[in-house]
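**Student:** My structure is below; once you've seen it, I'll send some questions.
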Amino acid sequence: MATTLITGGTVVSATGRANADVLVDGERIVAVLEPGSELLGTDLKSGVDTVIDATGKYVIPGGIDAHTHMELPFGGTAAIDTFETGTRAAAHGGTTSIVDFAVQRYGERVQDGLDAWHAKAAGECAIDYGFHQIVGGVDADAIEAMKTLPDQGVTSFKLFMAYPGVFYSDDAQVLKAMQVSRDTGMLTMMHAENGPAIDVLAEQLIEEGKTDPYFHGIARAWQMEEEATHRAIMLANLTGAPLYVVHVSAKQAVEQLAWARDKGQNVFGETCPQYLYLSLEEQLGASSDEWGAFEGAKWVCSTPLRSREEGHQDAMWQALRTNDLQMVSTDHCPFCMKDQKELGLGDFRKIPNGIGSIEHRMDLMYQGVVTGEITLERWVELTSTTPARMFGMYGQKGVIQPGADADIVVYDPNGHTSIGLDKTHHMAMDHSAWEGYEIDGHVDTVLSRGKVIVDDNAYLGAKGDGRFIKRGLSQYLV
Ligand code: DUC
Ligand code: ZN
Ligand code: ZN
């Protein structure tokens, strides 16, 4: 088995930082040592196969993006990243594990949906991957099938209070599914927006001739998110299900989560880079020669971008500091402008919802360290350690310690990353939602289970390096 020593760096964990060398043997970390340590009288540097000099750099556990949608069928098309392209882009950005969503829709069998996702991912991935299960049709058959998922390493399922006729569950279905969550320990993940009410508002806007992408965010008003978040919390309270609310963007939804958590309820929430940096005002102002005001379609996602003036972005950063939100995932759901987003020209309801960010999450979140929004340790916690704990991977993933998988990123705080289609862009879509972002910091070297898969922007891995992660139950369950 090949051995690697990462030497001279600052090892950062969720709880602190230390100057230390990291010794890797094969796929695992075997020791975290004082800098320059000898082992049994042997100078380690000369005894290992590979030495990675991390002097002046951070050595962190590989990023875990717990919310991605490779190839998600949506709005008459499908997310453009395959498991191959999406996970390779993730690797370039310092993410070494993803948890993607297998899909079951009304009338389909849950097991078929999961099997289909295994078939899409097997042999394709650059990094390790696990699955959550979308249950878009909660019926008696689905309820029985859900109970078999934990034994298959799928320990969380997502329900939608939005998208009537597509993925939507009504309150009765949510209640029944949450009872499974309570009985099995599976985490209920919730897309919390009042879909039926949003659809009425959207229809009225279209009738008034308000068809531009900006009106997507007007229809999906924050009240729709606050209300659904509260309803999800109360249904979870009643059933005793652990609840994880995905892609939180409204400050009022955070208040609901904080309220429930302060009462002791087992409720969690994530936000995404788009809700920390982008805003409805920018979407309103978006315009290009090619697309005019339809340029804003590149930022159509759900939940939508929120008003900066109303303070939603500041509230998200604050919640990340106060632990009212515990994680940052991307909700990576990329669509091209050409042939995909443009399906919604003249009717924002037909724009496929989603933004692609899998490549940039670690960098974008590191900017929060640079600007003083979060600490270095919190960066690691939000992007790696908590995702591992939340989704039953901790120990194997999310930490640099003996016995853990050697998923390691060497991050250079003095490096620089320019984001843009012609610069850093390995995702499959034809534009970047983050065009022009300049990052203080750079992903230098990425190891996935001991193998260097990215070094100095060069991809050294291979399709099929990534393995399925059979997850355990959330380590936040009490
Ligand atoms: N939100 C998105 O932006 N895309 C896919 C599904 C979702 O909930
Ligand atoms: Zn969602
Ligand atoms: Zn999603």
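**Student:** Among the residues of the stretch 139-149, write down those that are assigned to a helix (DSSP H, G or I) and crowded, with 18+ Cβ neighbours inside 10 Å.
**Tutor:** Here is the first cut: in the stretch 139-149, the residues assigned to a helix (DSSP H, G or I) are 140-146.
Of everything in the stretch 139-149, those that are assigned to a helix (DSSP H, G or I) and crowded, with 18+ Cβ neighbours inside 10 Å turn out to be Ala142, Ala145, Met146.
**Student:** For the stretch 199-247, which residues satisfy the criterion of being within 16 Å of ligand 3 (Cβ to nearest atom) and part of a helix (DSSP H, G or I)?
**Tutor:** His216, Glu225, Ala228, Thr229, Ala232
**Student:** Suppose the filter is outside any helix (DSSP H, G or I), open to solvent by less than 10 Å² (accessible area, probe 1.4 Å) and touching a Lys or Arg at 6+ places or on another chain (Cβ under 9 Å); does Pro334 pass it?
**Tutor:** Against the criterion (outside any helix (DSSP H, G or I), open to solvent by less than 10 Å² (accessible area, probe 1.4 Å) and touching a Lys or Arg at 6+ places or on another chain (Cβ under 9 Å)), Pro334 does not qualify.
**Student:** So, one more: Take Asn353 and tell me if it is under 19 Å from the mean Cα position of the chain (by Cα) and without any contact (Cβ under 8 Å) to a residue 40 or more places away in the chain.
**Tutor:** no
**Student:** Taking the stretch 51-72 only, how many residues are surrounded by 13 or more Cβ atoms within 10 Å (Cβ to Cβ), in contact (Cβ under 8 Å) with a residue 60 or more places away in the chain and farther than 30 Å from Met337 by Cβ?
**Tutor:** 8
**Student:** Related question: Counting only residues that are within 23 Å of Glu309 (Cβ to Cβ) and surrounded by fewer than 19 Cβ atoms within 10 Å (Cβ to Cβ), how many does the stretch 209-231 have?
**Tutor:** 4
**Student:** Mind listing whichever residues of the stretch 365-382 are surrounded by fewer than 18 Cβ atoms within 10 Å (Cβ to Cβ) and either touching a Ser or Thr at 6+ places or on another chain (Cβ under 8 Å) or within 20 Å of Ile419 (Cα to Cα) (or both)?
**Tutor:** Across the stretch 365-382, the qualifying residues are Val370, Thr371, Glu377.
**Student:** Anything in the stretch 256-266 that is surrounded by fewer than 24 Cβ atoms within 10 Å (Cβ to Cβ) and closer than 19 Å to Val328 by Cβ? List them, or say none.
**Tutor:** Of everything in the stretch 256-266, those that are surrounded by fewer than 24 Cβ atoms within 10 Å (Cβ to Cβ) and closer than 19 Å to Val328 by Cβ turn out to be Ala258, Arg261.
**Student:** Another question about this same structure. Looking at (1) away from ligand 3 (no atom under 16 Å from the Cβ); (2) open to solvent by 50 Å² or more (accessible area, probe 1.4 Å); (3) modelled with pLDDT of 95 or more, which is the only condition Tyr168 fails?
**Tutor:** For Tyr168, the exception is condition (1).
**Student:** Considering only the stretch 125-138, I want to know if a residue exists there that is in the same structural domain as Cys333 (by TED's automatic domain parsing) and either at pLDDT below 95 or assigned to a helix (DSSP H, G or I) (or both). Full working, then the answer.
**Tutor:** Just the residues of the stretch 125-138 that are in the same structural domain as Cys333 (by TED's automatic domain parsing), to begin with: 125-138.
Next cut, either at pLDDT below 95 or assigned to a helix (DSSP H, G or I) (or both) only: none.
For the stretch 125-138, residues in the same structural domain as Cys333 (by TED's automatic domain parsing) and either at pLDDT below 95 or assigned to a helix (DSSP H, G or I) (or both): absent.
**Student:** Further, regarding this structure: When the residues of the stretch 73-102 are narrowed to those that are closer than 27 Å to Asp170 by Cβ and open to solvent by 10 Å² or more (accessible area, probe 1.4 Å), which ends up nearest to ligand 1 (Cβ to nearest atom)?
**Tutor:** Phe74
**Student:** Let me ask another. Suppose the filter is out of contact with any Gly (no Cβ under 8 Å at 6 or more places or on another chain) and either assigned to a loop (DSSP other than H, G, I, E, B) or not β-branched (Val, Ile, Thr) (or both); does Asp339 pass it?
**Tutor:** So Asp339 passes the test.
**Student:** If you don't mind, another one. Among the strands (runs of 3 or more DSSP E) contained in the stretch 1-90, which hold 2 or more residues that are modelled with pLDDT of 95 or more and within 23 Å of Leu382 (Cα to Cα)?
**Tutor:** Numbers: elements: 3-7, 10-12, 17-19, 21-25, 28-33, 50-53, 58-61, 63-68.
Passing ranges, in order: 10-12, 17-19, 28-33, 58-61, 63-68.
**Student:** Inspect the stretch 176-195 for any residue being within 16 Å of ligand 2 (Cβ to nearest atom) and either over 17 Å from Leu243 (Cα atoms) or open to solvent by 10 Å² or more (accessible area, probe 1.4 Å) (or both) and give the result as yes or no. Walk me through it before giving the result.
**Tutor:** Filtering the stretch 176-195 down to residues within 16 Å of ligand 2 (Cβ to nearest atom) leaves 177, 187-195.
Then keep just the ones that are either over 17 Å from Leu243 (Cα atoms) or open to solvent by 10 Å² or more (accessible area, probe 1.4 Å) (or both); that gives 194-195.
Among the residues of the stretch 176-195, at least one is within 16 Å of ligand 2 (Cβ to nearest atom) and either over 17 Å from Leu243 (Cα atoms) or open to solvent by 10 Å² or more (accessible area, probe 1.4 Å) (or both), which makes the answer yes.
**Student:** Give me the residue from the stretch 248-273 that is free of Cβ contacts under 8 Å to residues at least 60 places away in the same chain and outside any helix (DSSP H, G or I) and, out of that set, farthest from the chain's Cα centre (by Cα).
**Tutor:** Lys263
**Student:** Moving on. Within the stretch 150-164, is there a residue that is within 16 Å of ligand 1 (Cβ to nearest atom), part of a loop (DSSP other than H, G, I, E, B) and open to solvent by 30 Å² or more (accessible area, probe 1.4 Å)?
**Tutor:** Filtering the stretch 150-164 for residues within 16 Å of ligand 1 (Cβ to nearest atom) gives 156-164.
Subsequent filtering for residues that are part of a loop (DSSP other than H, G, I, E, B) retains 161-164.
Next cut, open to solvent by 30 Å² or more (accessible area, probe 1.4 Å) only: 163-164.
The answer is yes; a qualifying residue exists.
**Student:** Of the residues Asp25, Asp81, Asp21, Asp43, which single one is outside the structural domain of Cys333 (by TED's automatic domain parsing) and in contact (Cβ under 8 Å) with a residue 40 or more places away in the chain? Can you show your working first?
**Tutor:** On the way: Asp81 fails: outside the structural domain of Cys333 (by TED's automatic domain parsing); Asp21 fails: in contact (Cβ under 8 Å) with a residue 40 or more places away in the chain; Asp43 fails: in contact (Cβ under 8 Å) with a residue 40 or more places away in the chain.
Answer to the selection: Asp25.
**Student:** Does at least one position in the stretch 393-402 carry a residue that is modelled with pLDDT under 95 and among the β-branched types (Val, Ile, Thr)? Before you say what the answer is, go through the steps one by one.
**Tutor:** Narrowing the stretch 393-402 to residues modelled with pLDDT under 95: none.
Looking through the stretch 393-402, none of the residues is modelled with pLDDT under 95 and among the β-branched types (Val, Ile, Thr).
**Student:** Moving on. What number of residues within the stretch 279-330 satisfy the criterion of being in a helix (DSSP H, G or I) and either out of contact with any strand residue (DSSP E or B) (no Cβ under 8 Å at 6 or more places or on another chain) or open to solvent by 20 Å² or more (accessible area, probe 1.4 Å) (or both)?
**Tutor:** So the count comes out to 21.
**Student:** Among the residues of the stretch 220-258, which ones are more than 22 Å from Asn353 (Cα to Cα) and basic (Lys, Arg)?
**Tutor:** Arg231
**Student:** Mind telling me which of the residues Arg361, Arg389 ends up being away from ligand 3 (no atom under 16 Å from the Cβ) and either touching a residue at least 12 places away in the same chain (Cβ under 8 Å) or open to solvent by 10 Å² or more (accessible area, probe 1.4 Å) (or both)? Can you show your working first?
**Tutor:** Numbers: Arg361 fails: away from ligand 3 (no atom under 16 Å from the Cβ).
Every option except Arg389 fails the conditions.
The values are calculated or read from the model by the stated rules, or taken from the named source; none is laboratory data. Note that the structure is a prediction, hence the values are computed from the model and not measured. No Cβ is skipped: glycine too gets one built from the backbone with ideal geometry, and neighbour counts run over all protein chains shown. For accessibility, only protein heavy atoms count, side chains too; no ligands or nucleic acids. Shrake-Rupley method; radii C 1.70, N 1.55, O 1.52, S 1.80 Å.
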